[in-house]
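Everything below concerns the one structure shown next.
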Amino acid sequence: MVSLSGEQRKNILAQLENDLANNVIGIGELVKQVRTQLYGMTQTQYAKFIKVSDKTLRDIEKGNTDPRVSVLNKILAPGGFQLSVRSVRHDI
């Protein structure tokens, strides 16, 4: 586990949120950065910590799967992230 001050953690989260919002990183990279920068864990350690399979975590980080929002929220929750689906409205 990485030992971070509250300010360091806040700065990392702000940067990750900014990078995601500006399409600098994708969801898989976000997951990897939360795992490594905030927790300093291997994929195996983090998968066990969040109670998902190693394969699921590995596939998400590599972008080899299209996981449900509920799975992504479970994986990102330790970093304080929550994904939501925005509805799209089209007026005809």
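How about the range 38-80: which trypsin sites (Lys or Arg not before Pro) there lie in a loop by DSSP and see at most 12 other Cβ atoms within 10 Å?
Counting only loop positions with at most 12 other Cβ atoms within 10 Å, the trypsin sites (Lys or Arg not before Pro) in the range 38-80 are K51, R68.
How many Å³ per residue does the convex hull of the Cα positions in the range 4-77 occupy?
82
Which order do you get for S84, S53 if you rank them by accessible area with a 1.4 Å probe, largest at the top?
Largest accessible area first, the residues go S84, S53.
The values are calculated or read from the model by the stated rules, or taken from the named source; none is laboratory data. All values derive from a computational prediction rather than experimental measurement. Positions of Cβ are backbone-derived with ideal geometry, glycine not excepted, and every protein chain shown enters the neighbour counts. Protein only, heavy atoms only, side chains kept; ligands, DNA and RNA dropped before computing areas. Shrake-Rupley method; radii C 1.70, N 1.55, O 1.52, S 1.80 Å.
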